[in-house]
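Please read the structure below before turning to the comments.
The values are calculated or read from the model by the stated rules, or taken from the named source; none is laboratory data. Only a predicted model underlies this, so the values are computations on that prediction, with no experimental measurement involved. No Cβ is skipped: glycine too gets one built from the backbone with ideal geometry, and neighbour counts run over all protein chains shown.
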Amino acid sequence: MTQSKAKKVFLWVNKDAAAASLSSSEQAEKQRIFQFVQNQRVRPAAEKKESTKRKRRVLARSITELGPVAPLESSSLCRRYRPLSIRPTKSAQTSNSTPSQSSPGRKPPQARENAGQKAPSPSASLDQIEHYVFRFRRRHHDIPNTNHIAGSAVDPFSAAPMPLTKNIEVLINYFRTMAVTGSHVDKTEVLPPHLQPARRYAKLRDISLRIIMQDKVEFASLMVIMASRMVHLSRIPLTGLERPEYYMQLALSAVRERMLDFQTRGVSGDNVLVHGIHSLALSDWICQRFEAASTHVRAVKALLHLLDLDDSLDKHIAQGTFNVDQMVSIETGWLPEFPLMFDPGPLGEARMSVVREELGSFISGRLEAVVYPQGPVPDASKLSSAMMSHQVDFLADASSTMDFRLGSGFECALKANVVHPPLASILSDLLDVLTVAKYVWRTPNATREDADWMCTRARAICYRLLAVPAQLPFPETSTVTAKTEALRIALLLVVLRCTNRMSFRSAQPNMRRLQRALSLCSIDTDWSSSGSSSPTRGSDSPHNVSTETYDQNELLLWVLMTGLFSAEGETEELWFLMRATYVAERHLGIKDVDGLKEMMAQYFYSKTRQERSVIVVGLHLSSRS
């Protein structure tokens, strides 16, 4: 009679709704699943025979050391052991043995050692005997170390779209750390402690880790971004790991495969496809492949309607692509591809009135300003020592160094109407952001909504500064246009220091553009001679300040000092140094460091970060006088 084949047994893991994956199960549940999976491994026939022999030896040893097994009763399906007794010594066992207890011609078994511990002596206590039996039984139930394979418990059911290798594990751990710092244009860690958003990106991090286990495009997208960021931004060497180019090929292959599938079905695409193209754009920008990044940005712009902006992840992807477009424009000088997005607009009049009124109380001395401790920056956002010359942040110590007079010089320039209209409106909005910044860092009354508006509005102003050249003729055509371009780039350099973690990479190219703009029309040493060519407002304005009462060379000196700060350690540093010294001494009558600091405190200036450049110019002024 043919014996029927054994039925296949499938493993079903029942978990509650809170356990979204194996990694989020309870510790005991994960251990039980792991042990079951290890025991169900299919082994070769030779290994099965060896395992059977090993079990027989273990059973024989347990019978020898624990005593013989009682006969199986007819009414029972389990074996019952005799009460434990102390094994007699060799002499006693020889004298008391009977033919029924030992086979003829066979020597009694010798005492063995178990896990480095000998069997208890006849005089041992009951606790020692129980401890010995517990260790003996537990040893044979442990899983041998040979069954443990590196990474075998990470994805035991092969549910991930790609194998979770050691490389992938490193990148996922890096992502979990990096997600704490947010995006490349979000610097919330420099805010006062009570205004920092709590777990702002925790939800997006959890969503990302969940969806990468469900789709190949999402998986490859996250890996290529993390590999590029880890190598080119955090400067962490990938010793023995795959290079970012490897993950770029995986992401490109996954995106192309999905595009061909949609083309076959006659569908334009879905949000996952947009996520994949966004990852290619971000990775290309990180690796400074700006042409490719701009191409992918234009592709996302054409497919932007596929994203649901009410969904948190889709909105994050849309904003991320907008940021990539902005960063490409910052480093290359190209006009942005996207229109202005995510601009909160001006702060409400009522709230702005309250802010200005309370700031007046602090300026007059009726209230005392506060100083917040400087919080630590997360490790994932720190730069390497190779970029130490540009590892500076204007806002790291803002609560102790921000001067209430900041911006007063720009207010005088706006009242004198020496700023070109396309740039004047942006500068006026930037002064409102500066007012709220003083309120956030120097007073205890600011709210989280004030800080959020300040950060978002500053990023929108950065975009508007990038788009100004589209409203102006070429700088070579007139002196006014050249001065406007120089002032625009100087403002952009300062805003980048305050809103962007990538200012260390964009400072040098923009500093060189500033040098070229100042070299046009011979405006690198004197702005007052061309001041009459700028338009003027009506003289009936009560706050009007005539052009004659405001010296435009103050603006020129601030522009030169901003360029000097960005040129530290570069060959262009001497160019800015000579002209800043000349303008300060010849046109403004500044003779020492104190006079230079007094002038800079009326514009945008960091007492600690720009201290070196101010001292260098001050020393040159002192030596000449």
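Here Arg265 meets the list (1) more than 23 Å from the chain's Cα centre (by Cα); (2) within 20 Å of Ala227 (Cβ to Cβ) almost entirely, failing just condition (2). Listed by first and then second residue, the pairs linking a residue in the range 250-276 that is without any contact (Cβ under 8 Å) to a residue 24 or more places away in the chain to a residue that is hydroxyl-bearing (Ser, Thr, Tyr) and surrounded by fewer than 18 Cβ atoms within 10 Å (Cβ to Cβ), with Cβ atoms under 9 Å apart and 6 or more places separating them unless they lie on different chains, are Phe262/Ser268. What pairs come out if I take residues in the range 459-485 that are in a helix (DSSP H, G or I) and pair them with residues that are modelled with pLDDT of 90 or more and charged (D, E, K, R) whose C-beta lies under 7 Å away, six or more apart or interchain? If the second residue must be modelled with pLDDT of 90 or more and charged (D, E, K, R), the pairs left are Ala460/Asp343; Ile461/Asp429; Leu465/Arg488; Val468/Arg488; Pro475/Glu485. Take the conditions (1) assigned to a helix (DSSP H, G or I); (2) within 15 Å of Val354 (Cα to Cα); Glu411 misses just one of them, which is (2).
You will find that of Ala160, Ala202, the residue that is without any contact (Cβ under 8 Å) to a residue 60 or more places away in the chain and closer than 30 Å to Asp450 by Cβ is Ala202 and no other.
Please work out if Phe322 is among the aromatic types (Phe, Trp, Tyr), in a helix (DSSP H, G or I) and under 30 Å from Ile211 (Cα atoms). For Phe322, the condition - among the aromatic types (Phe, Trp, Tyr), in a helix (DSSP H, G or I) and under 30 Å from Ile211 (Cα atoms) - is met.
Condition test on Leu309, is it in a loop (DSSP other than H, G, I, E, B), surrounded by fewer than 16 Cβ atoms within 10 Å (Cβ to Cβ), assigned by TED's automatic domain parsing to the domain that holds Phe175 and touching a helix residue (DSSP H, G or I) at 6+ places or on another chain (Cβ under 8 Å)? So Leu309 passes the test.
Checked against the criterion of being in the same structural domain as Arg442 (by TED's automatic domain parsing), exposed (fewer than 14 other Cβ atoms within 10 Å of the Cβ) and out of contact with any Ser or Thr (no Cβ under 7 Å at 6 or more places or on another chain), the candidates Arg265, Arg366 yield just one match: Arg366.
Taken over the range 202-216, the criterion of being of a type in the set (A, V, I, L, M, F, W, C) and within 10 Å of Ala160 (Cβ to Cβ) is satisfied by Ile212, Met213.
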